[in-house]
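Undergrad: Sending over a structure as structure tokens; questions will come in a sec.
Taken together, the values in this text are just the output of simple stated rules run on the coordinates, not laboratory data. Predicted model, so just to flag it, every value in this text is computed and none were measured. So basically every Cβ, Gly included, is an ideal-geometry build from the backbone, and we count neighbours across all protein chains shown.
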Amino acid sequence: MWRVGIEMHFLADLTMTCPECRGTRYRPEILDVKYRGLSIADVLAMTVREAFAFFRSQPKTQRRLSYLIQVGLEYLTLGQPAPTLSGGESQRLKLAAYLAAQSQPRTLFLMNEPTTGLHPADVDKLQQCLQSLVESGHSVIVIEHNRDLIKCADYLIDLGPDAGDQGGRIVACGTPEQVARSESSITGRYLRPVLAGTLPD
């Protein structure tokens, strides 16, 4: 929704929907142009998943959209403003853009909790995406608390034992199985049932 800011001087500023475009961001003559019965504003209001189906006759467009689906962003609307994305969503959007690029030199990816807000099924998709990057010769470093993603890592460094001044030390490191065997690692305690295929109490 396109909005116009109104400075109120001694009061908090107001925002209102633009009266000319009615929140579409386009002039009427632009909205008169239709593709398969929809205007550009209609298309931008679609989710990535809806747009993938809508552009079924456009393989290049579908290919671009498929990368957004691959990293678990199929629920975003095409016209969603970038400032409204969470940190995890922004990271995954950049990852999708990288995957869509034609040339991909070997790269080190640093990601901070990319699973934030993701459904477990989408965490699995993201894990597969990260694994494909590693198999292509790239390196991935992830700061994460999601056990389902942690258990898939090649190597873990568990920092702690607590937060703030009580943390910052290496408590355990190694494969997920090695960290799970560490008696001093809180992460290891929560990894053990995940690696065993059961959920903790």
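Undergrad: Quick check on the chain: of the DSSP beta bridges with both residues there, what percent are antiparallel, nearest 5%?
TA: Working: 11 of 16 bridges.
For the chain, the DSSP antiparallel bridge percentage is about 70.
Undergrad: With each run of n ≥ 4 DSSP H residues scored as -39500 (n - 2.57), what mean residue ellipticity at 222 nm is computed for the chain after dividing by its residue count and rounding to the nearest 500 deg cm²/dmol? Working shown, then result.
TA: Working: 9 runs with 77 residues, N = 201.
Taken over the chain, the calculation gives -10500 deg cm²/dmol.
Undergrad: I've got another one for you. Could you give the nm distance between label points at residue 159 and residue 131, where each point is 7 Å from its Cα heading toward the beta carbon?
TA: Distance between label points: 2.7 nm.
Undergrad: Dividing the alpha-carbon Rg of the stretch 155-201 by 2.2 N^0.38 Å yields what?
TA: Taking the Cα Rg and dividing by 2.2 N^0.38 Å, one obtains 1.14.
Undergrad: Within the chain, what is the number of lysine pairs with alpha carbons under 27 Å apart, leaving out pairs fewer than eight places apart on the same chain? Don't skip to the end; give the middle numbers.
TA: Details: 34/60; 60/94; 60/125; 94/125; 94/151; 125/151.
Total qualifying Lys-Lys pairs in the chain comes to 6.
Undergrad: Over the alpha carbons of the stretch 19-100, what is the largest minus smallest coordinate on each principal axis, giving the biggest first in Å?
TA: 35, 31, 17
Undergrad: Follow-up question, since we're still on this one. Non-local amide H neighbours of residue 140 (under 5 Å, H modeled in plane, Pro and chain starts lacking H): which ones?
TA: 109
Undergrad: Another one. Could you give the angle, 0 to 90 degrees to the nearest 10, between helix 87-100's Cα long axis and the longest principal axis of the Cα atoms of the chain?
TA: 80
Undergrad: Oh, and also: HN-Hα J couplings of the stretch 132-138 from phi, Karplus 6.51/-1.76/1.60, θ = phi - 60°, integer Hz, Gly and Pro as x?
TA: Listing the rounded values in order: 5, 5, 5, 5, 8, x, 8 Hz.
Undergrad: If you don't mind, there's one more thing I want to ask. Would you pull out the residues with amide H under 5 Å of residue 171's amide H, same chain only if 5 or more places away, H placed 1.01 Å from N?
TA: 158, 159, 160
Undergrad: Which trypsin sites (Lys or Arg not before Pro) from the stretch 58-113 combine a DSSP loop assignment with at most 13 other Cβ atoms within 10 Å?
TA: Details: sites: 60, 63, 64, 92, 94, 106; in loops: 106.
Counting only loop positions with at most 13 other Cβ atoms within 10 Å, the trypsin sites (Lys or Arg not before Pro) in the stretch 58-113 are 106.
Undergrad: Which values, in whole Å and largest first, are the semi-axes of the equivalent ellipsoid of the chain obtained as the square root of 5 times each eigenvalue of the Cα gyration tensor? Mind dumping the intermediate values first?
TA: On the way: eigenvalues 336, 110, 41 Å².
Rounded to whole Å, the semi-axes are 41, 23, 14.
Undergrad: To continue, here is another question. For the stretch 46-144, what size does the Cα cloud have along each of its three principal axes, sorted from largest down, in whole Å?
TA: The principal-axis extents, from largest down, are 35, 28, 25 Å.
Undergrad: How high is the relative contact order of the chain, in percent, with contacts defined as C-alpha pairs under 8 Å that are six or more residues apart? Before the final figure, lay out each step's value.
TA: Details: 256 pairs, mean separation 21.0, N = 201.
Over the chain, the number comes to 10 percent.
Undergrad: When a footprinting reagent is the concern and you count Cβ atoms within 10 Å, what order do 165, 32, 158 take, fewest first?
TA: Working: 165 6, 32 9, 158 20.
Fewest-to-most Cβ neighbours within 10 Å comes out as 165, 32, 158.
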